[in-house]
């Protein structure tokens, strides 16, 4: 008999990943096609959506060849949040996409605040502040700086929605990605006419919104010819990468939390109602589960900071597949607190809690006694401290957590897991699946075609948690002083 599988696709910053998942949750095939990041100027970050499409084709064809003969019953797509795709009336890309980590739009953020009436009004309308990474400031930047290109724009889309458009020919999005554009009323779950009117933008720029597990298109003849999927294959709404990543580890209900250590880092906790951090340090977005939201803190450079450090200060390990483990071993040889060395991971600005696109990274406290091992330890601790900033915001808002699920590339490192548990003061657990947002997207596809009644059921049937890394309370207390030093260093 032909096996029925579900395809999950994740359009990330460093690559496009595809997985084929069975109804029991087993991963039958996995493939990743790398992507390059363009930084035309300091603080800028761009990618060509055509490259996303070509990488998607390559990854889909790769997993199809690994599972030859299997039937793909449905497709779910996840993708990087905020990144703006500008299409003309014929559906062609107008210019490279401005990414989530692009910081060129500070003036546009101030423009939004002036036009709308300040942060209090933004909190009421879209539950979030105007930040450089969001989509709306990018639209205004294009209008202000490249008016000829802006006049060509007929549709503004997100990364994963562009791939669905190329697969199906249908323009659409869903709440988890829409709520991260600054143009969507997150609490009321609709495009914000008030925001669009204040910005003098036509609502026709934005695609219709469907459900994350709702079938929003089917593979077209052109899509089938490009990627090898049968024409007519259902494609669901999918979701933003962080929401799909949470779904992929089963964090879909209040009381749970997941920390992600990918290129960026996040700490995400679902909610049954849309709560907003009074200081707007963390974000309120829609989850991929109906009538569910989440509060999330964002670290713009997590794994990205470690990769930069490795590539610039451990160049003798270039090309060594074991480079990360060797650096982990160095870091493990150094005492907690890196003997006074502090690393600020703000290499591309910072989102939570500082909301400062101009923030930059630093090593502090260096002496002649310090070695590269101290710096390595400080980098790992610095990212963990930055994630703890988000955890402390959740605690201040009354969230009570018994443990944190850990996902992303950093979760593969035993040292990173242990340090995260010690810094957080909470057990840190992983799940039996390591495919991240692509896996969550595949579960959404399974729900969308009727294999499961809802996402909670799908997660319960396919996931189980591994034994948690539990910290000793006295060890957690040892990090109080280094964490205080870290927090004070930004203002200093």
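The values are calculated or read from the model by the stated rules, or taken from the named source; none is laboratory data. All figures in this text were calculated on a predicted structure; none of them were measured in a lab. Every residue, glycine among them, receives a Cβ derived from its backbone with ideal geometry; neighbour counts consider all protein chains shown.
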On the basis of being more than 14 Å from residue 310 (Cβ to Cβ) and touching a residue at least 60 places away in the same chain (Cβ under 8 Å), does residue 369 make the cut?
no
In segment 436-451, is there at least one residue being within 17 Å of the chain's Cα centre (by Cα) and modelled with pLDDT under 95?
yes
Could you identify the single residue in 91, 133 that is assigned to a loop (DSSP other than H, G, I, E, B), closer than 29 Å to residue 445 by Cβ and modelled with pLDDT of 95 or more?
91
Search segment 411-433 for residues being touching a helix residue (DSSP H, G or I) at 6+ places or on another chain (Cβ under 7 Å) and outside any helix (DSSP H, G or I), and hand back the single one that is nearest to residue 75 (Cα to Cα).
433
Considering 198, 180, which residue is part of a helix (DSSP H, G or I), under 19 Å from residue 129 (Cβ atoms) and in the same structural domain as residue 79 (by TED's automatic domain parsing)?
198
Tell me whether segment 98-118 contains one or more residues that are assigned to a strand (DSSP E or B), touching a strand residue (DSSP E or B) at 6+ places or on another chain (Cβ under 8 Å), under 26 Å from residue 185 (Cβ atoms) and at pLDDT 95 or above.
yes
For residue 139, work out the one condition from (1) out of contact with any helix residue (DSSP H, G or I) (no Cβ under 6 Å at 6 or more places or on another chain); (2) part of a loop (DSSP other than H, G, I, E, B) it doesn't fulfil.
(2)
Test: residue 385 is touching a helix residue (DSSP H, G or I) at 6+ places or on another chain (Cβ under 8 Å), part of a helix (DSSP H, G or I), surrounded by 24 or more Cβ atoms within 10 Å (Cβ to Cβ) and touching a residue at least 40 places away in the same chain (Cβ under 8 Å)
yes
Can you name the residue in segment 151-168 that is over 17 Å from residue 10 (Cα atoms) and in contact (Cβ under 8 Å) with a residue 60 or more places away in the chain and, of all such residues, is surrounded by the most Cβ atoms within 10 Å (Cβ to Cβ)?
156
Can you tell me which residue among 420, 373 is assigned by TED's automatic domain parsing to the domain that holds residue 312, crowded, with 24+ Cβ neighbours inside 10 Å and at pLDDT 95 or above?
420
Looking only at residues in segment 461-477 that are assigned to a helix (DSSP H, G or I) and loosely packed, with under 14 Cβ neighbours inside 10 Å, which one is modelled with the highest pLDDT?
477
Could you list all residues from segment 254-293 that are touching a helix residue (DSSP H, G or I) at 6+ places or on another chain (Cβ under 7 Å), outside any loop (DSSP other than H, G, I, E, B) and closer than 14 Å to residue 185 by Cα?
285, 286
Before we move on, is residue 32 free of Cβ contacts under 8 Å to residues at least 40 places away in the same chain and crowded, with 18+ Cβ neighbours inside 10 Å?
yes
Taking the conditions exactly as written (in the same structural domain as residue 476 (by TED's automatic domain parsing), modelled with pLDDT of 95 or more and surrounded by fewer than 17 Cβ atoms within 10 Å (Cβ to Cβ)), does residue 342 satisfy them or not?
no
Per-region count, segment 388-417, residues surrounded by 18 or more Cβ atoms within 10 Å (Cβ to Cβ) and either under 22 Å from residue 490 (Cα atoms) or not assigned by TED's automatic domain parsing to the domain that holds residue 264 (or both)
6
Please specify each residue of segment 341-362 satisfying the condition of being in a strand (DSSP E or B) and closer than 17 Å to residue 281 by Cβ.
344, 349, 350, 356
